[in-house]
1. Which of the three applies to the range 91-148, rounded, prolate or oblate, going by the alpha-carbon gyration tensor with a ≥ b ≥ c and a/c under 1.5 meaning rounded?
2. Would you mind checking which residues have amide H under 5 Å from Tyr128's amide H? H placed 1.01 Å from N; only 5 or more apart, or other chain.
3. Can you give the FRET efficiency for Phe72 and Arg17, using 1/(1 + (r/R0)^6), R0 = 30 Å, r = Cβ-Cβ distance, to the nearest 0.05?
4. Calculate what fraction, in whole %, of the accessible area of the chain sits on carbon and sulfur atoms when a 1.4 Å probe is rolled over the protein chains.
5. Using the Karplus curve 6.51 cos²θ - 1.76 cosθ + 1.60 with θ = phi - 60°, what ³J(HN,Hα) values do you get for each residue of the range 46-60, in whole Hz, with x for Gly and Pro?
6. If packing is taken as the average count of other Cβ atoms within 10 Å, what order do 139-147, 74-82, 50-58 fall into, highest mean first?
7. Hand me the trypsin sites (Lys or Arg not before Pro) from the range 77-111 located in a DSSP loop with no more than 13 other Cβ atoms within 10 Å, in residue order please.
8. Which entry in (1) 24, 22, 12; (2) 33, 20, 12; (3) 31, 16, 13 matches semi-axes √(5λ) of the Cα gyration tensor in Å derived from the coordinates of this structure?
Amino acid sequence: MYTYKKVKDLTLSVNDRYILSIDNHQEVMEALADFCRKKSITAGYITGLGAVSEATFRFLDPNTLKYVDKTFQEQMEITNLTGNISCKDEAPYLHVHLTCSRRDYTCVGGHLLSARINGACELLVEDYSLTTVNRRTDPETGLNLYDF
């Protein structure tokens, strides 16, 4: 599903850092969730790039508080993958946004629901797990917000 390497840190940072490569044809969010579960990451940051053959984005309609999903099935370059890791219901909660460049150089993106790798996916994951960050559902916005 993926391979990874822990980054040796000479700055004496308390955070663990990983270089993560998601295997070709794997689903990004499944692989990331599996990695976070196995490493017990309860708070952190994700960034990366790569290529996908399919991506489904979510858009929250603030009037209805319902998500609208849209899938793009075409070869696209990941120009930016950015996200954070927290916990909801004692499981890893991934909040990831993705921007993809299409063949005609236009971009699509937004809140990532799923994406299938077609080529490579290279990520950096920073583990802030000395602190656990939990989420709660906010009834006013319909969002799963940080619960401090």
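The values are calculated or read from the model by the stated rules, or taken from the named source; none is laboratory data. Values in this document were obtained by computation on a predicted structure and should not be read as measured data. As a convention, Cβ positions derive from the backbone with ideal geometry for all residues, glycine included, and neighbour counts pool all protein chains shown. In case anyone asks, the SASA skips ligands and DNA or RNA and just uses the protein heavy atoms, side chains included. Shrake-Rupley method; radii C 1.70, N 1.55, O 1.52, S 1.80 Å.
1. Judged from the Cα gyration tensor, the range 91-148 comes out oblate (a/c at least 1.5, b/c at or above a/b).
2. Answer set, sorted by chain and number: Ala43, Gly44, Tyr45.
3. Values: r = 31 Å, r/R0 = 1.03.
The value I calculate is 0.45.
4. Here carbon and sulfur together make up 52 percent of the probe-accessible area.
5. Computed from phi, the couplings for the range 46-60 are 10, 8, x, 8, x, 8, 9, 9, 7, 8, 10, 10, 10, 10, 8 Hz.
6. On the way: 139-147: 12.0, 74-82: 17.6, 50-58: 19.3.
In decreasing order of mean packing, 139-147, 74-82, 50-58 become 50-58, 74-82, 139-147.
7. The qualifying sites are Arg102, Arg103.
8. Computed from these coordinates, semi-axes √(5λ) of the Cα gyration tensor in Å corresponds to label (1).
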